[in-house]
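Scroll down for the structure; my scribbles are underneath it.
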Amino acid sequence: MKTVIIYTDGACSGNPGPGGWGAILDDMGIKTELSGGEANTTNNRMELTAVIEALKALRGSHSVELFSDSKYVIDALKLGWAASWRSKGWRKGDGKPAQNADLWEVLLDLVAQHNMTYHWVKGHADNPMNNRCDEMAVAEWQKIKENMSNAPAETNTQNELDVHYKDTLLKTVTTTQQVELDDNDIFNWLSMCQNPRTLRYLGRAAIRFAQGLEAGGNDVDPLS
């Protein structure tokens, strides 16, 4: 069975906040770097994602030497905590919910495909592979944060509701007091709207209208 060395790291600007992850796969001296990020995440989720993405890149079963500076990741795998959480329905020993169950579920299935050995390394120290993973992770969240800060401000046109859909909603509400619309008709009508702000507005308006009807109102204005 081939041995692959994997280094991973995750980083986050704020917790939660923009996050990034980095991984290096060393396959008999051939190194492959992987990285990515998310706009709203946590440091632990990025640490887990780094390991998940690294293992997903492998084809077939391997002997994997995993190095990470995250005790959260290494201890939960090495000491069997994560497997225990899953066996208890993602509850910890004290009965509290285990965090990041969605990622742990994926990771446990991945590690089961390999012969895993786990190593904790001190972060921001003298390990060049770990430091490189940290560089990639930080670069990813910095890129996301820069893109967020450079995003153009919404124009007045985007802030304003589309008059057509506002008018259509009013007509639809009036009609629904008299006839029962088919679900497909409602879906088709909504699917024509490409403005997310308008759709959110319509959802809130529908809730207000429903609450008014339940309260006995017959002349509820959903656009108020």
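Please identify the chymotrypsin sites (Phe, Trp or Tyr not before Pro) of segment 58-161 that satisfy two criteria: DSSP loop assignment and at most 16 other Cβ atoms within 10 Å. Which are they?
Working: sites: PHE67, TYR72, TRP81, TRP85, TRP90, TRP104, TYR118, TRP120, TRP141; in loops: TRP90.
In loop regions of segment 58-161 (DSSP not H, G, I, E or B), the sparsely surrounded chymotrypsin sites (Phe, Trp or Tyr not before Pro) are TRP90.
For an R0 of 41 angstrom, estimate the FRET efficiency from the Cβ-Cβ distance between ILE207 and ASP109 and round to the nearest 0.05. Write out the running numbers ahead of the final one.
On the way: r = 39 Å, r/R0 = 0.95.
About 0.55, to the nearest 0.05.
How much accessible area per residue does segment 23-164 have, counting only protein heavy atoms and a probe of 1.4 Å, in square angstrom?
Per residue, segment 23-164 has 57 Å² of solvent-accessible surface.
Can you flag which of LYS31/LYS92; LYS2/LYS122; LYS78/LYS143; LYS31/LYS96; LYS2/LYS92; LYS96/LYS143 are past 31 Å Cα-Cα?
Distance filter (> 31 Å) returns LYS31/LYS92; LYS78/LYS143; LYS31/LYS96; LYS2/LYS92; LYS96/LYS143.
Please compute the modelled spin-label separation between ARG200 and ASP75, points set 7 Å along Cα→Cβ, answer in nm with one decimal.
3.9
Sort segment 60-151 into rounded, prolate or oblate with this rule: let a ≥ b ≥ c be the square roots of the eigenvalues of the Cα gyration tensor; rounded if a/c is under 1.5, and if a/c is not under 1.5, prolate when a/b is larger than b/c, oblate otherwise.
Oblate.
Taking square-rooted eigenvalues a ≥ b ≥ c of the alpha carbon gyration tensor, is segment 1-112 rounded, prolate or oblate, where a/c under 1.5 means rounded and, failing that, a/b exceeding b/c means prolate?
Oblate shape, in that a/c is at least 1.5 and b/c is the bigger or equal ratio.
What whole number of Å gives the distance from the Cα centroid of segment 1-33 to the Cα centroid of segment 98-117?
Their Cα centres are 15 Å away from one another.
Pulled fully out, how much extra length does the chain show between GLN142 and MET1, if you take 0.36 nm times their separation in residues and subtract their Cα-Cα distance?
46.9 nm
The values are calculated or read from the model by the stated rules, or taken from the named source; none is laboratory data. The shown structure was predicted, so the numbers you read here are calculated from the model rather than taken from an experiment. Ideal geometry is used to build each Cβ from the backbone, glycine not excepted, and the neighbour counts take in all protein chains shown. Each accessible area value is taken on the protein alone, full model and side chains, heavy atoms only, with ligands, DNA and RNA left out. Shrake-Rupley method; radii C 1.70, N 1.55, O 1.52, S 1.80 Å.
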